[in-house]
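Participant: First, the structure itself, so that you have it in front of you.
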Amino acid sequence: MTGIRHPSESLKGIADKAPFSSPEAIFGDFDAGVGMRLAMAAGDIALVLDTTGRIVDISANPVEFPDMNTWAGSLWSETVTIESRIKVAEMLECARKGETQRWRQVNHISRGGDVAVRYTVVPLAGGRRTIALGRDMRDSAALQQRLLQAQQSLERDYMRLRQVETRYRLLFDMSAEPVLIVDADTQRIREANPAAHELLAARPGTLAGQRLTALFARTAREPLLAFLGSVMTSNSVSPIEVEYGHGERTLTLSATGFRQHGGRFPARAAGSNGTRVARSDPAARGDRADARRLRGRRCEHEDCHRQQRLRRTRRGRDFRPTARSGAGRLRWPAGYRPRAD
């Protein structure tokens, strides 16, 4: 079986491209017309150069390259920007040495602005001529520019959002009123400011992740759930008063709802992305606590007086029958037994 015959070392190809296996048989009898069409089809622009790098002839679309007629007779390096001249010299040197060529991008000077073109240089037979085949990169450059502008715009938006988030985070943390952000579906706390931790007697950072209903008394949980459900369906829900902890204190809750990324959250109707939950009423809480303490003290005093009267009646010092029965006999106080003389 005959293997593939690779070209000789004198026939160099293009980098990253597999060469033809029989270039002599394929391109050996090419005439001038076929070679010209092949060069014109290989790129958007073709420059024929002499040994000094001067442009001898040029083929391109005059609409896309309106300044190409002024390039004829000029050095190729004179038609490009200063930073591209080193690339032109390197490509011409590689062509003279017969080394494998790589695509290099250069910028042509034009009245309408720089024109980006990717070139590869191919030496012609005899070494007296060199042809530079180029591809117009303006569309790709415009796409890269739009991509860069979009990236810069995203970075500016991101920085602006970070600044807004920092300002609202500062307001959220420095607020003297307790504020919670609660997931309406799971009733779990997403965010809580320091004032909320202080009000609910929780260590800093421990409220996040807890269920809101677990912070309140059992008797207040069902009204609280009903309140949260009403908040998500109506914008005018009256605040409610609920007991929290062990039912020793009360809070007045006011909230409205908002949606974010598909989630539902009860939020304070201030337009910010936070939930204001639980503003306490110290006066009402103090009055209720004082009333409970007063009732407890009154009960203690009544029990004490009752026990003292019972002890005196048993010793016979304060014997007072409470009433007379229908049979004319005395009815003694409860727990008293008269002594037998």
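Participant: What's the total number of residues in region 92-105 that are on the phi > 0 side of the Ramachandran plot and either of a type in the set (Asp, Glu) or part of a strand (DSSP E or B) (or both)?
Facilitator: 0
Participant: Please give the number of the condition VAL121 fails out of (1) out of contact with any Cys (no Cβ under 9 Å at 6 or more places or on another chain); (2) under 23 Å from GLU64 (Cα atoms); (3) modelled with pLDDT of 85 or more; (4) not acidic (Asp, Glu).
Facilitator: (1)
Participant: Shifting gears a bit: Within region 128-181, work out how many residues are touching a Pro at 6+ places or on another chain (Cβ under 6 Å) and of a type in the set (Lys, Arg).
Facilitator: Total satisfying the criteria: 0.
Participant: Name the residues in region 41-69 that are in a helix (DSSP H, G or I) and either loosely packed, with under 12 Cβ neighbours inside 10 Å or among the acidic types (Asp, Glu) (or both), would you?
Facilitator: Result: ALA41, ASN69.
Participant: Output the residues belonging to region 152-184 that are among the β-branched types (Val, Ile, Thr) and more than 22 Å from GLY257 (Cα to Cα).
Facilitator: Scanning region 152-184 gives a single hit, THR166.
Participant: Next question, about the same structure. Kindly list, by first and then second residue, each pair from a residue in region 20-49 that is of a type in the set (A, V, I, L, M) to a residue that is part of a helix (DSSP H, G or I) and at pLDDT 80 or above, limited to pairs with Cβ atoms under 8 Å and residues at least 6 apart or on different chains.
Facilitator: Within 8 Å, the pairs are ILE45/MET68; ALA46/MET40; LEU47/TRP76; LEU49/TRP76; LEU49/LEU92.
Participant: Of all residues in region 204-249, which are more than 14 Å from THR186 (Cβ to Cβ) and polar (S, T, N, Q)?
Facilitator: Listed by number, the residues that qualify are THR206, THR219, SER230, THR233, SER234, ASN235, SER236, SER238.
Participant: Still on this structure, please answer the following. Among (1) at pLDDT below 90; (2) touching an Asp or Glu at 6+ places or on another chain (Cβ under 7 Å), where does SER59 come up short?
Facilitator: (2)
Participant: Scanning region 207-254 for residues that are surrounded by fewer than 14 Cβ atoms within 10 Å (Cβ to Cβ) and of a type in the set (S, T, N, Q), which turns out farthest from the chain's Cα centre (by Cα)?
Facilitator: Here the residue is THR219.
Participant: A follow-up question, please. Which condition from (1) loosely packed, with under 13 Cβ neighbours inside 10 Å; (2) under 23 Å from LEU228 (Cα atoms) is the one that ALA192 breaks?
Facilitator: (1)
The values are calculated or read from the model by the stated rules, or taken from the named source; none is laboratory data. All figures in this text were calculated on a predicted structure; none of them were measured in a lab. A quick note on method: Cβ atoms are made from the backbone with ideal geometry, for glycine too, and the neighbour counts reach across all protein chains shown.
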